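Have a look at the structure below before the remarks.
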Amino acid sequence: MRKNNRKLSDLRPIEIIPDFIKNSDSSCLVKFGETQVVCTASVDTFLPRWLVGSGKGWVTAEYGMLPRSTHERMRREASLGKIGGRTSEIQRLIGRSLRSVVDMSLLGERVITIDCDVLNADGGTRTASITGGFVALKKCVNTLLKKKEIHKNPIKQHVAAISCGLINTKVYLDLDFDEDSKADVDANFVITEDESLVEIQVTAEKRIFKDKDLNEMITASKLAIKNLIHIQKFILEK
């Protein structure tokens with residue numbers, strides 16, 4: 001049994017609080033247990049040069065962690081004068097994941113930036129960012145439709161993400177920090193509503209793994225994604 005009497009296939013308590021930041025075009029606070037991420041969406045008509053005149057839009061993402069989102073204070077990357085490799089990799093992952101379910105030709109010549117700021121980190125910050133980031137994106141698109149700034153919904157389907165891992169040959173879903181640090185195999189899955197795979201990140205941390213291990217993790221993750229998308233829809237419909 002895991003912390004809080006979780007079974008291996010159980011997710012942590014999930015909560016998505018919409019309209020958390022009033023100044024943004026849309027926002028939410030997403031909680032996966034003790035992991036908390038603020039996701040905001042901002043619309044801009046300043047396009048990348050290579051998109052000007054194309055009639056198409058773009059969705060991108062930025063990611064960051066507050067200095068005391070972890071047990072020891074992290075230095076702000078702005079004070080270091082550069083974005084770290086981990087941050088760059090995560091924000092590119094978030095952007096790719098959200099773009100996978102958007103028809104850019106229906107977005108018009110505008111950019112939607114999803115900012116994901118980690119308030120408290122206890123494992124799975126990138127997967128929480130994708131799951132909450134989609135809610136912020138969808139709420140933003142709904143507003144554009146309501147204002148008739150766009151005329152067709154560019155979002156093709158929902159997308160969410162979940163962490164998974166192997167500990168002592170067993171599949172664990174939604175790892176917290178302690179579990180992540182002792183996992184033999186660490187993985188993140190980004191999956192759409194129709195169960196298509198957007199991205200798989202799997203690393204053999206302490207031992208190599210077999211095809212059957214990967215298949216078990218994919219099966220478990222798809223079930224988790226169904227649950228997460230159900231929560232997304234409930235929040236968006238409410």
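Bear in mind these aren't lab numbers, they're just calculated from the coordinates by the rules spelled out. Computed from a prediction, not measured in an experiment: that's the story for all the values here. Neighbour counts are summed over all protein chains in view; Cβ atoms, including those assigned to glycine, are modelled from backbone coordinates with ideal geometry.
Rounded to the nearest whole Hz, the Karplus-based 3J(HN,Hα) values (6.51 cos²θ - 1.76 cosθ + 1.60, θ = phi - 60°) of the stretch 222-233 follow the sequence 4, 5, 5, 4, 4, 5, 5, 5, 4, 5, 3, 5, with x at glycine and proline. Once both labels are positioned 7 Å from their Cα atoms along Cα-to-Cβ, the gap between residue 54 and residue 147 label points is 2.3 nm.
How high is the relative contact order of the chain, in percent, counting Cα pairs under 8 Å that sit 6 or more residues apart?
Working: 494 pairs, mean separation 48.6, N = 238.
With pairs under 8 Å counted, the relative contact order is 20 percent.
Remark on residue 69: its backbone amide H falls under 5 Å from those of 74, a criterion applied only to residues 5 or more positions apart or on other chains, H modelled at 1.01 Å from N. Taking amide hydrogens as placed 1.01 Å from N in the peptide plane, the amide H of residue 119 sits under 5 Å from those of 36, 37, 38, each at least 5 positions away in sequence or on another chain.
Derived scalar couplings between HN and Hα for the stretch 129-138 equal 5, 5, 5, x, x, 5, 4, 4, 4, 5 Hz in order, rounded to whole Hz, by the Karplus curve 6.51 cos²θ - 1.76 cosθ + 1.60 (θ = phi - 60°), x for Gly and Pro. Charged side chains reduced to their Cβ positions (Lys and Arg at +1, Asp and Glu at -1) give the stretch 7-146 a dipole of some 200 debye around its Cα centre. At most 13 other Cβ atoms within 10 Å and a DSSP loop assignment: could you name the chymotrypsin sites (Phe, Trp or Tyr not before Pro) in the stretch 28-59 that fit? The qualifying sites are 46.
Sequence neighbours fewer than 8 away in the same chain don't count; with that in mind, list the lysines whose C-alpha is under 16 Å from residue 152. Reachable lysines: 56, 138, 139.
Specify whether the C-alpha gyration tensor of the stretch 19-119 places it in the rounded, prolate or oblate class, a ≥ b ≥ c being the square roots of the eigenvalues: rounded for a/c under 1.5, otherwise prolate if a/b is larger than b/c and oblate if not. Note, shape of the stretch 19-119 comes out prolate. Per-residue Cβ neighbour counts within 10 Å put 140, 39 in the sequence 140, 39, beginning with the fewest. Remark: spin-label model distance residue 99-residue 47 equals 1.5 nm, labels positioned 7 Å along the Cα→Cβ axis. For the stretch 3-237, the C-alpha radius of gyration divided by 2.2 N^0.38 Å, with N the number of residues, is 1.01. Annotation for residue 194 and residue 72: the two label points, set 7 Å from Cα along the Cα-Cβ direction, are 4.8 nm apart.
Calculate, in nm to one decimal, what residue 10 and residue 86 gain on full extension: separation in residues at 0.36 nm each, minus their alpha carbon distance. Please report the intermediate quantities before stating the final value.
Working: separation 76, 0.36 × 76 = 27.36 nm, distance 2.74 nm.
Gain on extension, residue 10 to residue 86, equals 24.6 nm.
Computed from backbone phi, the HN-Hα couplings of the stretch 145-151 come to 5, 4, 7, 6, 6, 10, 10 Hz, rounded to whole numbers (Karplus: 6.51 cos²θ - 1.76 cosθ + 1.60, θ = phi - 60°; Gly and Pro given as x).
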